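What follows is calculated from the coordinates using simple rules that are stated; it is not laboratory data. A quick note: this is a predicted structure, and the numbers were derived from the prediction, not measured. Note that we place each Cβ from the backbone using ideal geometry, even for glycine, and neighbour counts take in every protein chain shown.
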Amino acid sequence: PLPTEVARAAAEALDTTVLQGYGMTETSPVTNVNPITRIKPATVGPPVADTIEKVVSLDDGKELGPGEVGELMAHGPQIMKGYWNNEEATKETLPEPGWIATGDIVSVDGEGYVTILDRKKEMIKYKGYQIAPAELEALLLEHPDVMDSAVIPKRDAEAGEVPKAFVLIREGKEVSTDELMAFVAERVAPYKKVREIEFVDAIPKTASGKILRRELIEQERAKTAN
């Protein structure tokens, strides 16, 4: 998801309108887009024409209501028929006729606007709760002294996993880990709180700007092993 602050900065710098849409290769390639006349920042908009969507529980697959967090599923003429010569992957991705399980964790408001929170496989499992790293990263970016951030699951004997954040501070600024953790804690449910912060000089990313969380997780596990 595109952080609100980044979208605002891009709109101001380029003197243009910035909006988000959503899709994947398997949806040829779009399912959602913000209408230019009614943009909701931080969302990817409602479904495009001839497309319907639902959000299902990560626990039992039941359909959820507005505002609840679960996996996004979509149905429409643009949904793929399947993967070539890979029946197992096809069944996993197309669990119901005509419906694709996107693997993305979202919430949907009463008007059908979708907010992407994270990838299903990236979720942090804390005492039976599911925490989206991207949600915490976006909150950290709202702090005026934070330039960039990444959140990963850190193994914990009691909780299973806890959120740990890697934070890049803006040049010339000073902020403590306690201050940043309190900043997040004031804005989330208690179970979502960041439990540890490490300041870094850079956040590892792909050429397209996606956070390399796996690299940070491996680094963290190596430190723990040592």
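For a paramagnetic label modelled on residue 10 (point 7 Å from Cα along Cα→Cβ), amide N atoms under 13 Å away are absent within the stretch 133-170. Cβ crowding within 10 Å, taken as a proxy for footprinting-reagent exposure, orders 217, 100, 131 from fewest neighbours to most as 217, 100, 131. The trypsin sites (Lys or Arg not before Pro) of the stretch 47-95 meeting both criteria, a DSSP state outside H, G, I, E and B (loop) and at most 14 other C-beta atoms within 10 angstrom of the site's C-beta, are 62, 81. Using a Gaussian network model of the chain in which every pair of alpha carbons under 10 angstrom is joined by a spring, one finds that among 177, 37, 16 the greatest mean-square fluctuation is at 37. For residue 182 and residue 54, FRET efficiency with R0 = 45 Å and r from the beta-carbon atoms, rounded to 0.05? After rounding, the FRET efficiency stands at 0.75.
Restricting to Cα pairs below 8 Å that are 6+ residues apart, what does the relative contact order work out to for the stretch 53-124? Please round to a whole percent. Once normalised by length, the contact order is 29 percent.
Averaging Cα coordinates gives a centre for the stretch 187-211 and one for the stretch 162-185; these two points are 9 Å apart. In order along the stretch 59-65, the phi-based Karplus estimate (6.51 cos²θ - 1.76 cosθ + 1.60, θ = phi - 60°) of 3J(HN,Hα) comes to 8, 10, x, 6, 5, 9, x Hz; Gly and Pro are listed as x. The chymotrypsin sites (Phe, Trp or Tyr not before Pro) of the stretch 111-213 include none that DSSP puts in a loop with a beta carbon having at most 16 other beta carbons within 10 Å.
Once you reduce the stretch 47-63 and the stretch 1-39 to the center of their Cα atoms, the two points are 21 Å from each other.
Distance between the modelled labels on residue 191 and residue 2, one decimal in nanometres: 3.2 nm (7 Å Cα→Cβ projection).
Free of any GluC sites (Glu not before Pro) that DSSP assigns to a loop and that have at most 14 other C-beta atoms within 10 Å, the longest stretch within the chain is 1-67.
Pick the calculated mean projected area of the Cα convex hull in nm² for this structure from [x] 21.1; [y] 10.8; [z] 14.9? Correct label, based on the coordinates given: [z]. For the residues 151, 167, 48, a GNM of the chain with alpha-carbon springs under 10 Å puts the largest fluctuation on 48.
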